[in-house]
1. Within the range 92-108, is there a residue that is within 16 Å of L63 (Cα to Cα), of a type in the set (S, T, Y), part of a helix (DSSP H, G or I) and open to solvent by 50 Å² or more (accessible area, probe 1.4 Å)?
2. What are the residue pairs meeting all of these: first residue in the range 96-110, first residue within 11 Å of D82 (Cα to Cα), second residue open to solvent by less than 90 Å² (accessible area, probe 1.4 Å) and assigned to a loop (DSSP other than H, G, I, E, B), Cβ atoms under 8 Å, and 6 or more apart or on different chains?
3. Return the only residue of N69, N83 being at pLDDT 95 or above, of a type in the set (S, T, N, Q) and outside any strand (DSSP E or B).
4. On the basis of being open to solvent by less than 20 Å² (accessible area, probe 1.4 Å), free of Cβ contacts under 8 Å to residues at least 60 places away in the same chain and part of a helix (DSSP H, G or I), does A59 make the cut?
5. Among all residue pairs at least 6 apart or on different chains, which show Cβ distances below 6 Å where the first residue, located in the range 130-156, is at negative phi and at pLDDT 80 or above and the second is in a helix (DSSP H, G or I) and open to solvent by less than 80 Å² (accessible area, probe 1.4 Å)?
6. Could you count how many residues in the range 109-138 are open to solvent by 60 Å² or more (accessible area, probe 1.4 Å), not small (G, A, S) and not in a strand (DSSP E or B)?
7. Which members of the range 62-90 meet the condition of being of a type in the set (V, I, T), open to solvent by 70 Å² or more (accessible area, probe 1.4 Å) and under 12 Å from the mean Cα position of the chain (by Cα)?
Amino acid sequence: MKTSLLLLSFLLVSFLSYAQSQTKDYKLYEEVATKPEYVGGEGALYVFIGSNIDYPADARNKLVTGKVNVSFVVQSTGEVDDNSVKVIESLWPSLDKEAIRVVRNFPNWKPGADANENNVDVLMILPIAFALDASQKQLDNAKKRREKKEAKKLSKANKKVKNTN
């Protein structure tokens with residue numbers, strides 16, 4: 001019994017030590033000899049973002065446009081550290097969440113390197129633009145005008161009904 005308790009205590013301490021060693025303390029670089037690069041280049045990055053963004057309905061309905069600035073770490077392995085993804089300049093809550101979701105789904109990047117050509121962890125900042133095309137805005141504005149007219153008509157009809165009673 002004493003041996004198994006001692007073994008259990010050792011395993012618990014080993015697990016805690018292992019868990020602590022797995023917590024990444026970054027030596028982050030903001031300026032490096034070679035910056036991380038999205039595989040395929042900047043154009044491919046924007047294609048990925050554009051094809052993976054789902055414009056949230058609440059933001060679309062309110063015609064919210066602009067950019068969300070997101071910071072994240074490209075690790076020395078080229079992976080984006082999911083825990084490092086943060087909004088540093090907010091636009092609208094659902095757009096912020098969508099920007100974070102897309103960045104967390106990035107495939108591996110070509111990692112950054114220091115002057116000695118060693119791969120290093122690099123802090124990146126990326127603006128993600130949310131824009132509605134002109135035709136969508138026109139359709140949304142027309143829909144809002146129609147809804148406003150209908151609401152006025154309904155209000156007038158309700159007043160007439162009240163007056164006749």
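1. No, the conditions are met nowhere in the range 92-108.
2. Listed by first residue and then by second, the contacts come to I100/V85; V102/I53; V103/V85; R104/V85.
3. Details: N69 fails: outside any strand (DSSP E or B).
Exactly one residue qualifies, and that residue is N83.
4. Numbers: open to solvent by less than 20 Å² (accessible area, probe 1.4 Å): yes; free of Cβ contacts under 8 Å to residues at least 60 places away in the same chain: no; part of a helix (DSSP H, G or I): yes.
Here the answer is no, as A59 does not meet what is asked.
5. F130/L95
6. Result for the range 109-138: 6.
7. Residues of the range 62-90 that are of a type in the set (V, I, T), as a first pass: 64-65, 68, 70, 73-74, 77, 80, 85, 87-88.
Still in the running and open to solvent by 70 Å² or more (accessible area, probe 1.4 Å): 77, 88.
Of everything in the range 62-90, just one residue is of a type in the set (V, I, T), open to solvent by 70 Å² or more (accessible area, probe 1.4 Å) and under 12 Å from the mean Cα position of the chain (by Cα), namely I88.
The values are calculated or read from the model by the stated rules, or taken from the named source; none is laboratory data. Note that the structure is a prediction, hence the values are computed from the model and not measured. A quick note on method: Cβ atoms are made from the backbone with ideal geometry, for glycine too, and the neighbour counts reach across all protein chains shown. Just so you know, the surface numbers come from the protein's heavy atoms only, side chains and all, with ligands and any DNA or RNA stripped out. Shrake-Rupley method; radii C 1.70, N 1.55, O 1.52, S 1.80 Å.
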